[in-house]
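S.K.: Before I ask anything, here is the structure I am working with.
The values are calculated or read from the model by the stated rules, or taken from the named source; none is laboratory data. Please read these numbers as outputs of a predicted model, since none were measured by experiment. Cβ atoms come from the backbone with ideal geometry, glycine included; neighbour counts cover every protein chain shown. Side chains included, ligands, DNA and RNA excluded: accessible areas come from the protein's heavy atoms. Shrake-Rupley method; radii C 1.70, N 1.55, O 1.52, S 1.80 Å.
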Amino acid sequence: MLKSFKRFYSNFFAPCLSLGLSLGLGLSVWMLPVQPALACLSCGCGGTGSSADLGAIGGAASLFSGSSKWLIQSGVSFRQYTGSFNERGQWNPMPEESLMQGYQALLGVLYFPSPESSIGLQLPLQGNLLSGAAWGAFGSVAPTDRANVFGAGLSDLQFQGSYKFLEYENAALAAWGNLSLPTGQVNPSLPEWTTGAGLATASAGLLGLYKPNFDWEFFLNLGYSRALGEPATTLSPFFVGQSLLYQLQANFQFLPRWHLGLGLNGQWGAWSAGSSGFQPAAKLKLVPSLQYEFDRYQGVRMAVGIDLPLAGYNAQTDYALYLIYYQFIE
């Protein structure tokens, strides 16, 4: 395990951390002039790069709408796969001279029927570049003899909503829900064209906010995700099965209009293994974050997502870069 950690650190964690610090990238999922609640956690409840992941990074629903009636978001992301955990929790790097990358673009529209509630839709596009490797069963990475193949298409549409049911002084509680429709492709023979989970998935949870003063805010998000059926194949990287999801987030306003945040996003679930039962699936992601507000209605958010070499089972690892623009409309 120590050798695996050193190999993970030298091949992935150290370069990614250096890149993140040098670029100053990050994202505060929560640091809007009004505080958002996720429709799906940014630990990636779709597995390794689903529209739910980018949508959560963008802040998919809202605890406080203020005077706004609409929230429009557009974003892009880049994902570099670095290896995978096996069923014993051992991390293995990518096959030699291989490459797996994911690209995503997202347009999200959110409507606030009242200051306490929100409903929304996310339209994602997914692209994949594979060379010498592809997705294997149960979150693994499998070597291939195909080089530099690219595929892209519509990913899974996301419907979402939230309701803030409790607010007291500096704290609030909200419930959220998400429904993902299987509009993306699943193609085991041509994995570069796989852009979705292959079946519908429902998620729900609770989010708590505590803001002790103007500069600091803290979030705890707990949720549950479950597929509505059994997948025809386990080769989609955007499907994990049923999962418990959790997120811890702290944000700090260090300058006017500038916010710095740090999140720890986790997933604990299971792949369906047919007659043999279930295989555990788990991983942790560290998300340093940065946000700049042009004014109280619009801004940009940036992030680096880093999968940690801890508590992983049957899951691929990656680092991801995110850039999202948001605008509230009255």
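S.K.: Between a residue in the stretch 89-114 that is over 20 Å from Gly151 (Cβ atoms) and free of Cβ contacts under 8 Å to residues at least 12 places away in the same chain and any residue that is part of a loop (DSSP other than H, G, I, E, B) and not small (Gly, Ala, Ser), which pairs come within a Cβ distance under 9 Å, given they are 6 or more apart or on different chains?
M.R.: Hits for this filter: Pro113/Lys69.
S.K.: Failed condition for Asp318, given (1) modelled with pLDDT of 90 or more; (2) open to solvent by 40 Å² or more (accessible area, probe 1.4 Å), with all others met?
M.R.: The failed condition is (2).
S.K.: Can you name the condition, by its number, that Asn128 falls short on among (1) at pLDDT below 90; (2) among the polar types (S, T, N, Q); (3) under 17 Å from the mean Cα position of the chain (by Cα)?
M.R.: With respect to (1) at pLDDT below 90; (2) among the polar types (S, T, N, Q); (3) under 17 Å from the mean Cα position of the chain (by Cα), Asn128 is out only on (1).
S.K.: Restricting to the stretch 264-278, give me the number of residues that are at pLDDT below 80 and open to solvent by 40 Å² or more (accessible area, probe 1.4 Å).
M.R.: Going through the stretch 264-278 one residue at a time, the tally reaches 4.
S.K.: Considering only the stretch 305-319, I want to know if a residue exists there that is farther than 26 Å from Ala142 by Cβ and part of a strand (DSSP E or B).
M.R.: Kept after step one, since they are farther than 26 Å from Ala142 by Cβ, are these residues of the stretch 305-319: none.
No, the conditions are met nowhere in the stretch 305-319.
S.K.: Another one. For the stretch 134-160, name all the residues that are crowded, with 22+ Cβ neighbours inside 10 Å and among the small types (Gly, Ala, Ser).
M.R.: Within the stretch 134-160, Ala134, Gly139, Ser155 qualify.
S.K.: Closer than 24 Å to Gln104 by Cα, open to solvent by 30 Å² or more (accessible area, probe 1.4 Å) and not charged (D, E, K, R), is that true of Ser189? Write out each step before concluding.
M.R.: Numbers: closer than 24 Å to Gln104 by Cα: yes; open to solvent by 30 Å² or more (accessible area, probe 1.4 Å): yes; not charged (D, E, K, R): yes.
In short, yes.
S.K.: Of everything in the stretch 165-186, what is part of a loop (DSSP other than H, G, I, E, B), open to solvent by 70 Å² or more (accessible area, probe 1.4 Å) and either over 27 Å from Leu99 (Cβ atoms) or in contact (Cβ under 8 Å) with a residue 40 or more places away in the chain (or both)? Give them in sequence order.
M.R.: Here is the first cut: in the stretch 165-186, the residues part of a loop (DSSP other than H, G, I, E, B) are 169-170, 181-186.
Restricting the remaining residues to those that are open to solvent by 70 Å² or more (accessible area, probe 1.4 Å) gives 169-170, 185.
Once the filter is applied, which keeps residues that are part of a loop (DSSP other than H, G, I, E, B), open to solvent by 70 Å² or more (accessible area, probe 1.4 Å) and either over 27 Å from Leu99 (Cβ atoms) or in contact (Cβ under 8 Å) with a residue 40 or more places away in the chain (or both), the stretch 165-186 yields Glu169, Asn170.
S.K.: Oh, and also: Looking only at the stretch 128-158, count every residue that is assigned to a strand (DSSP E or B) and within 29 Å of Trp268 (Cβ to Cβ) and tell me the total.
M.R.: To start, the set of residues in the stretch 128-158 that are assigned to a strand (DSSP E or B) comprises 128-131, 133-135, 141-143, 149-154, 158.
When the remaining residues are screened for being within 29 Å of Trp268 (Cβ to Cβ), the result is 128, 130, 133-135, 141-143, 158.
Number satisfying all stated conditions: 9.
S.K.: Please go through the stretch 281-313 and give me each residue that is open to solvent by less than 10 Å² (accessible area, probe 1.4 Å) and over 13 Å from the mean Cα position of the chain (by Cα), ordered by number.
M.R.: Ala281, Ala282, Ser289, Gln291, Gly299, Arg301, Gly312
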